[in-house]
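Student: Pasting a structure below so you can have a look.
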Amino acid sequence: MIKYNKKQVLVTGGAGFLGSHLCERLLKEGHIVICADNLFTGSKENIHHLMDDHNFEFLRHDITLPLFVEVDEIYNLACPASPIHYQFDPVQTTKTSVHGSINMLGLAKRIKAKIFQASTSEVYGDPEVHPQEESYWGRVNPIGVRACYDEGKRCAETLFFDYNRQHNVNIKVARIFNTYGPRMNAHDGRVVSNFIVQALTNEPITMYGEGEQTRSFCYVDDLIEGFIRLMNTEDEFTGPMNLGNENELTIGELAKTIIDLTGSRSKIIKHPLPQDDPTQRKPNISLARKKINWEASIQLKDGLIKTIDYFEMKLK
Ligand code: NAD
Ligand code: UDP
């Protein structure tokens, strides 16, 4: 693991799935971590094991409101990420991306901190370009049910680049593709957690549509390594940078793999495909390879086994 100088780091959304892994990694590197989270989809359980660390501090805070702390770096991860959660209160989702980004960028500007944005492959919408590279502008339905998330994240990117051009804020924008692993919320409806929980409980596997839509799943440890490397690029480098696993598979294949790995008796049951569900998604990670010498290294089966172990323990 590369060692960096000790820093004070703010992680918004730090009690969520990705945020809790990031806090853990930053603490392991010896940094002081402030985790700000309103616990909408995250939980104290995710960061319970960090609470006794004197370098860790938890703040219950909603980033749509201003925050004043002194830090060297900000990782802005706060935002519900699963369709059922971000569609639960879509106006709040847009506010979190837009008002939240303005607050965090304003903070970064004032205290001259470097700021990382957890953007998403959803900025590409239902893409006509495959695999997706950073130069592609995307195909998002601006008035659909996913728009609160997709357009919110697109506007957040706009704000990041305008704060960079207008106020010289040091920004790092990552476009994250589907990521999975321990501490995913079991009830947030994302496909990996849904299928694993269903398989472990021998309940029907809820496959949406014909299961022919594709995704490329990245294990969380690989992704967090990418975050750290991107944050440590030279000041002039802003991204956006795709971070994800190139291994593309259909949702039907994912269902079968999870049934095999769990030895489940579950049957696959088809459900209607949700509105605007992207038909294919795979990152082009040439930029990450070239700039930060990064690619995902954990094989899908290995990552799924670790995730299955986690959910098995949770379900006990
Ligand atoms: P998550 O839902 O587990 O974590 C999000 C965290 O943000 C939660 O702890 C939640 O309580 C917190 N939060 C939400 N709104 C907030 C607000 N207004 N103020 C403060 N905290 C708030 O999701 P995740 O998978 O860990 O995603 C983290 C980030 O990464 C999100 O910004 C998401 O858009 C992005 N992302 C994730 C994926 C993925 O596959 N996991 C893919 C693309 C992008
Ligand atoms: N999906 C599915 N069954 C589920 C949950 C999701 O077939 O129980 C599908 C969903 O329609 C999508 C893919 O799996 O095509 C990934 O869904 P997820 O919500 O995990 O992520 P996103 O759609 O944001 O990529």
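The values are calculated or read from the model by the stated rules, or taken from the named source; none is laboratory data. Worth saying up front: this structure is predicted, and the values here are computed from it rather than measured. We place every Cβ from the backbone using ideal geometry, glycine too, and count neighbours over all the protein chains shown. Ligands, DNA and RNA are stripped out before the accessible areas are found, and what is left, the full protein with its side chains, is counted by its heavy atoms. Shrake-Rupley method; radii C 1.70, N 1.55, O 1.52, S 1.80 Å.
Student: What's the total number of residues in the range 172-192 that are more than 8 Å from ligand 2 (Cβ to nearest atom) and crowded, with 18+ Cβ neighbours inside 10 Å?
Tutor: Start the filter on the range 172-192 by keeping residues that are more than 8 Å from ligand 2 (Cβ to nearest atom), which leaves 172-177, 179-188.
Now narrow it down to the ones that are crowded, with 18+ Cβ neighbours inside 10 Å: 172-177, 179-185, 188.
Residues flagged as more than 8 Å from ligand 2 (Cβ to nearest atom) and crowded, with 18+ Cβ neighbours inside 10 Å within the range 172-192 amount to 14.
Student: Give the residues of the range 272-316 that are within 20 Å of T206 (Cβ to Cβ) and surrounded by fewer than 12 Cβ atoms within 10 Å (Cβ to Cβ), sorted by residue number.
Tutor: P272, Q275, L315
Student: For the range 226-264, which positions are within 24 Å of T214 (Cβ to Cβ), among the aliphatic types (A, V, I, L, M) and under 21 Å from the mean Cα position of the chain (by Cα)?
Tutor: Residues satisfying the conditions are M241, L243, L249, I251, L254.
Student: So which of T12, T93 ends up being within 16 Å of ligand 2 (Cβ to nearest atom) and either within 25 Å of E122 (Cα to Cα) or under 18 Å from the mean Cα position of the chain (by Cα) (or both)? If you could, list the steps in order and put the result at the bottom.
Tutor: Values: T12 fails: within 16 Å of ligand 2 (Cβ to nearest atom).
Selected residue: T93, the only one of T12, T93 that is within 16 Å of ligand 2 (Cβ to nearest atom) and either within 25 Å of E122 (Cα to Cα) or under 18 Å from the mean Cα position of the chain (by Cα) (or both).
Student: Right, here's the next one. Which of the following residues is open to solvent by less than 40 Å² (accessible area, probe 1.4 Å) and β-branched (V, I, T): V71, V91?
Tutor: On the way: V91 fails: open to solvent by less than 40 Å² (accessible area, probe 1.4 Å).
Answer to the check: V71.
Student: Within the bounds of the range 205-212, is there any residue that is open to solvent by less than 10 Å² (accessible area, probe 1.4 Å), within 10 Å of ligand 2 (Cβ to nearest atom), closer than 13 Å to L254 by Cα and polar (S, T, N, Q)? First the steps, then the outcome.
Tutor: At the first step, the residues of the range 205-212 found to be open to solvent by less than 10 Å² (accessible area, probe 1.4 Å) are 205, 211.
Add one more test, that the residue is within 10 Å of ligand 2 (Cβ to nearest atom), and what stays is 205, 211.
From what is left, the residues that are closer than 13 Å to L254 by Cα are 205, 211.
From the residues that got through so far, the ones that are polar (S, T, N, Q) too are none.
No, the range 205-212 has no match at all.
Student: Could I ask something else about it? Would you mind finding the one in K267, K291 that is more than 20 Å from the chain's Cα centre (by Cα) and farther than 24 Å from S121 by Cα?
Tutor: Values: K291 fails: farther than 24 Å from S121 by Cα.
Going through K267, K291 in turn, the sole match is K267.
Student: Go through (1) over 15 Å from the mean Cα position of the chain (by Cα); (2) free of Cβ contacts under 8 Å to residues at least 40 places away in the same chain; (3) closer than 29 Å to F237 by Cα one by one and return the number of the condition I115 breaks.
Tutor: Evaluating I115 over (1) over 15 Å from the mean Cα position of the chain (by Cα); (2) free of Cβ contacts under 8 Å to residues at least 40 places away in the same chain; (3) closer than 29 Å to F237 by Cα leaves (2) as the failure.
Student: Is at least one residue of the range 131-149 in a strand (DSSP E or B), within 16 Å of ligand 1 (Cβ to nearest atom) and not aliphatic (A, V, I, L, M)?
Tutor: Of the range 131-149, the ones in a strand (DSSP E or B) are 132, 139.
Checking the rest, the ones that are also within 16 Å of ligand 1 (Cβ to nearest atom) come to 132.
In the following step, the residues that additionally are not aliphatic (A, V, I, L, M) were identified as 132.
So far as the range 131-149 goes, yes, one or more of its residues are in a strand (DSSP E or B), within 16 Å of ligand 1 (Cβ to nearest atom) and not aliphatic (A, V, I, L, M).
Student: Hey, another quick one. Which condition does G30 not pass, out of (1) in a helix (DSSP H, G or I); (2) more than 12 Å from ligand 1 (Cβ to nearest atom); (3) open to solvent by less than 50 Å² (accessible area, probe 1.4 Å); (4) of a type outside the set (A, V, I, L, M, F, W, C), if it passes all the others?
Tutor: (1)
Student: Here's a check for you: in the range 218-264, which residue that is within 14 Å of ligand 2 (Cβ to nearest atom) and in a loop (DSSP other than H, G, I, E, B) is surrounded by the most Cβ atoms within 10 Å (Cβ to Cβ)?
Tutor: G244
Student: Which residues, taken from the range 152-171, are charged (D, E, K, R) and either free of Cβ contacts under 8 Å to residues at least 12 places away in the same chain or surrounded by fewer than 24 Cβ atoms within 10 Å (Cβ to Cβ) (or both)?
Tutor: So in the range 152-171, the residues charged (D, E, K, R) come out as 153-154, 157, 162, 165.
Scanning the range 152-171 gives R154, E157, D162, R165.
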